[in-house]
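Since the structure comes first, as structure tokens, the remarks are kept for the end.
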Amino acid sequence: MTNYDFVCIGKFICIQQDKTWVPSSQNLRILMNVNPKNIGYSTNILEEKIFPQNRRIGKLMYLFDQKSIFHMWQTMSDDEKEQLYEKNVADISDEAHKWNLSDLLSMKNNKQIQLGDRWIYPVGKLMTVPQNSKEEEYYQFTAAPLENGGSKGYLYLSPDARFGLNPTRIFIKNDVNKSLPNMWQTMYKLWDYENQKPGFFLGGSLEPNFELADIKDIRNKLVTKSELNSYADVQNRKIIEKYVDTINNVKEERLRNKQRKREKNISLVTTENKDALAHVNSFLENKRDILKKYLNTSTQDARPKWNEHSYQRLLLEIFPFIFPQYTHFIREYNFKIEGNSQKKEDIPDFLAATANLSVDILEIKTPYFDLFRKGKYRGNFVFSSEVQGLISQAQKYIYNLERNALREEPKITKKFQKETDFKGEHLYIRSPKAIVIVGKNPQGNLATEQLRDFEIFKRKYQDITTFLTYSDILARINRIINRQRKSIP
């Protein structure tokens, strides 16, 4: 494919491309290889000389309108025209560029004129674009207007944008056909004209705004002409095969492959949510690093600084992201127990309200609990007495809540309304579950064997209890951050 690049001359943005032989554009190219002082034609006559009536004008490289390029060149200042001329003839070795325009245009076979290995032509101009209460400078690609019916718009490029894409990669969507369609024109046909926006913006702050990742994604996913043709053939074959035995389904398979390739990855990082995701990731990374710091600190150093309540405060900030099923949390809910002479009330660390207006229990202890007993039982690791006590405690919370659901539901609802921004009229106790967070994953020589037994115990209680370690919490945070920066296969 032809090599393109952007060149800025004064207030104009130009395209530099390899030398190509396009008969309909040859006169225009000659014009920009002639010293502006040697033009020798009036403004009106010059346009007739550059665009003879018997010659097809078309679209230069299927992107830029030649007459728009010509009119843009006319609006250049003398100094800008001189700079453009000097750049165009910089690599020409003979004296052709010193000729008058009339001499070059009068040659019968101007294909043989030495015009260098590349040429440069203006396609846009720097201008101030207003939007709402602000305005910003952009290069308007005037020579590539976006049209649909009576409406016209443009693609705008911020002078500060660093896209790392050459002009063809910005304009042309993927297609095997030679028509090289302008992807922005394709999008403009679907534009909502009532919002009165002038077009699409690359970089800067005006909307709708696109960045490098957006452009690549759009180019790869827009439907191509070859795909449309294949679709038409596939549909026609389905009609014809009712009457004739058709066996050629190559195009149908090709169409399926194109569609599978387009939808292989669905990006989470879109223009609309990238700022929000970046903020969330930054927040989670900060909390993760704080948690890692104290998990990696020796027990003696950490215990005086961070007690159970310290870990609870930190985890409560993380919960909305690692437990998105919960919308609100309250701390230490006291409820009475009947028929227990040893204990008058239960106080779970947290109650969590779910999106479907039911409540669950959260128990959070420190990372310093030993998960296993020192010795094995019949060759297997077993939970320590402290952990078994936690699990039994969580199960009793669940039992007593369900047993007294009618009495406790109005109290729980009132407490959520008072201590959080919960606006619902009622919360329910419907088969509540518990989440228990304690300890760290096993380390050392026995870690693999201990983790195996650990998973067995966790699954044993999963019908009513989700058992997590602080190591599991860190892993969840990392997975969330990584998921939001990548695509989902």
Net charge of Cβ neighbours under 12 Å - reference Cys8; Lys, Arg +1; Asp, Glu -1: +1
Ranked from the most accessible area to the least, with a 1.4 Å probe and all protein chains present, what is the order of Trp73, Trp99, Trp191? Trp99, Trp191, Trp73
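The values are calculated or read from the model by the stated rules, or taken from the named source; none is laboratory data. Treat the numbers as computed from the prediction; the structure is a model and nothing was measured. As a convention, Cβ positions derive from the backbone with ideal geometry for all residues, glycine included, and neighbour counts pool all protein chains shown. SASA here: full protein model, heavy atoms, side chains in, ligands and nucleic acids out. Shrake-Rupley method; radii C 1.70, N 1.55, O 1.52, S 1.80 Å.
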